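First the structure, in the form of structure tokens, and then the observations on it.
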Amino acid sequence: LKDPEATRLWQKALCEKLGLKGRIIISRHGINATLGGELINLKSYVKELKTFKAFNDTRIKWSDGGSQNFPKLSVKVRDELVTFGAADELKVNKRGVVGGGQHISPEEVHKLIEKKGDDVTFFDARSTYEAAVGRFKGAVVPDVRTAKDFISEIEKPKYNKLKNKPIITYCTGGIRCEILSALMKRRGFNEVYQIDGGIVKYGEKYADEGLWEGSLYVFDGRMGTKFSDKAIDIGRCIHCHAQTSNYENCANKA
């Protein structure tokens, strides 16, 4: 984006006009947004968003919820869409992050595993607390709590054994893993893929009949969503150790 601040003003005015709440982050690399509101107003937002040339091909993902899941509307300009601490390292063109992993569809994920078998490794591009309630079966979950932790984490020798194996990175909607896949390739990981559209698109295709298990953590009032009534709980309560996908703020005594 040539003028992120102008884009911020436009987005703020548009969302206020439509009564939408949620979070929008804008940088020179693009936009990352999660919004809630009335369906007709969200459709109007998408229609107007795509009138802007830079956002013609923006992937939109839908899930159940509404404006009540967000406390307010927040629209901010940042150096990075996801704070990996690599703003100057990333190169972005109109097709996305330059040098990132190969995009593969949910169907192609299964084909890759059929072809290469146990050599394929899922690599979680999210934090450990997100992965605690849902992840791909057998996935590597890096020991990170924030995106800033990833660069130092993937540079550790313990991951050297993965550098010549096929790796499928994944995240909620496909933004964090797009960036992480590029950072991994620059650090010697040779065969890196990313799920196009992230966990959300995989879940839309296979729900709980595929390789995903558990609940999908989301950063709004819902805290988590499930793809079907067949979803299992893989998380555990820190107090009684029973299986659960529920997240609560334990610091809030209420």
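Tabulated values for the structure
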{"item": "Volume per residue that the Cα convex hull of the stretch 48-119 spans, once the total is divided by residue count, Å³", "result": "205 Å³"}
{"item": "Inter-probe distance in nm under a simple model that places probes 7 Å from Cα toward Cβ, at GLU155 and PHE55", "result": "3.5 nm"}
{"item": "Dimensions in Å of the chain - Rg and Dmax from alpha carbons", "result": "18.5, 52"}
{"item": "Probe 1.4 Å, accessible area per residue of the stretch 8-54, Å²", "result": "56 Å²"}
{"item": "Once the Cα gyration tensor of the stretch 92-200 is diagonalised, semi-axes √(5λ) in Å", "result": "18, 16, 15"}
{"item": "Per DSSP, loop GluC sites (Glu not before Pro) in the stretch 24-86 with at most 13 further Cβ within 10 Å", "result": "GLU38"}
{"item": "Hits among lysines - C-alpha to C-alpha of LYS12 under 22 Å, sequence gap 8 or more where chains match", "result": "LYS2, LYS21, LYS43, LYS47, LYS50, LYS53, LYS61, LYS72, LYS76"}
{"item": "Residue-wise HN-Hα coupling along the stretch 231-238, computed from phi with Karplus coefficients 6.51, -1.76, 1.60 (Hz; x: Gly, Pro)", "result": "4, 9, 8, 10, x, 10, 5, 6"}
{"item": "Where the Cα pairs of the stretch 1-122 fall when distances are cut into 10 Å bins, in %", "result": "11, 36, 29, 19, 5, 0"}
{"item": "Residues with amide H under 5 Å from that of ARG236, placed H, sequence gap 5 or more", "result": "THR244"}
{"item": "Å² per residue, accessible surface of the stretch 213-254 at 1.4 Å", "result": "71 Å²"}
{"item": "Fraction of accessible area attributable to carbon and sulfur, the stretch 190-250 (%, probe 1.4 Å)", "result": "48 percent"}
{"item": "Sum of -39500 (n - 2.57) over DSSP H runs of 4+, divided by residues of the chain (222 nm, nearest 500)", "result": "-7500 deg cm²/dmol"}
{"item": "Accessible-area composition of the stretch 25-98, carbon plus sulfur, in percent [1.4 Å probe]", "result": "48 percent"}
{"item": "Principal axis dimensions, largest first and in whole angstrom, of the stretch 22-82 by Cα", "result": "29, 24, 15"}
{"item": "Under 23 Å from the Cα of LYS116 - lysines, other chains or at least 8 residues apart", "result": "LYS137, LYS158, LYS161, LYS163, LYS165, LYS185, LYS201, LYS205"}
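The values are calculated or read from the model by the stated rules, or taken from the named source; none is laboratory data. Note that the structure is a prediction, hence the values are computed from the model and not measured. Using ideal geometry, Cβ is built from the backbone for each residue, glycine included, and neighbour counts are taken over all protein chains shown. Ligands, DNA and RNA are stripped out before the accessible areas are found, and what is left, the full protein with its side chains, is counted by its heavy atoms. Shrake-Rupley method; radii C 1.70, N 1.55, O 1.52, S 1.80 Å.
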